[in-house]
1. For the stretch 1-11, indicate whether the set of residues that are outside any helix (DSSP H, G or I), loosely packed, with under 10 Cβ neighbours inside 10 Å and of a type in the set (Gly, Ala, Ser) is non-empty.
2. List every residue pair whose Cβ atoms lie under 8 Å apart, where the two residues are 6 or more positions apart in sequence or sit on different chains, the first residue falls within the stretch 3-23 and is touching a residue at least 40 places away in the same chain (Cβ under 8 Å) and more than 17 Å from Val33 (Cβ to Cβ), and the second residue, located anywhere, is assigned to a helix (DSSP H, G or I) and hydroxyl-bearing (Ser, Thr, Tyr).
3. Which of the numbered conditions does Arg61 fail, given that it passes all the others? Conditions: (1) of a type in the set (D, E, K, R); (2) in contact with a helix residue (DSSP H, G or I) (Cβ under 9 Å, 6 or more places away or on another chain); (3) in a helix (DSSP H, G or I).
4. Which ones in the stretch 12-56 are part of a loop (DSSP other than H, G, I, E, B), among the β-branched types (Val, Ile, Thr) and open to solvent by 90 Å² or more (accessible area, probe 1.4 Å)?
5. Looking at (1) touching a Gly at 6+ places or on another chain (Cβ under 9 Å); (2) without any contact (Cβ under 8 Å) to a residue 24 or more places away in the chain, which is the one condition that is false for Asn36?
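The values are calculated or read from the model by the stated rules, or taken from the named source; none is laboratory data. These figures come from a predicted structure and were not determined experimentally. Glycine also receives a Cβ, built like all others from the backbone with ideal geometry; neighbour counts cover every protein chain displayed. Quick note on the areas: whole protein, heavy atoms, side chains included, nothing else; ligands and nucleic acids left out. Shrake-Rupley method; radii C 1.70, N 1.55, O 1.52, S 1.80 Å.
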Amino acid sequence: IVAAAGASTASSVTYLTPVVAAVVGVSVLGEHVQWNQPVGAVVVLIGIAVSQGLHRAVAARISRSNSSRSSG
């Protein structure tokens, strides 16, 4: 998997563990979600996007979409 998808993509499975733990904690154990948990999750997701270059791909796609609308 690492050879085909790259280390960043293969390691993204690791990021599912805290999500599953939070869902199980809330649904099974009756724990409460604090404000810092979703904020931390967003920070981690932004870090993943930056490390994988996804923000550049999205920006390029938006740029192409806007340029095709203005020239159409």
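1. no
2. Close Cβ pairs (under 8 Å, with a partner that is assigned to a helix (DSSP H, G or I) and hydroxyl-bearing (Ser, Thr, Tyr)) amount to Ser8/Ser51.
3. (2)
4. Correct list: Val28 only.
5. All conditions are met except number (1).
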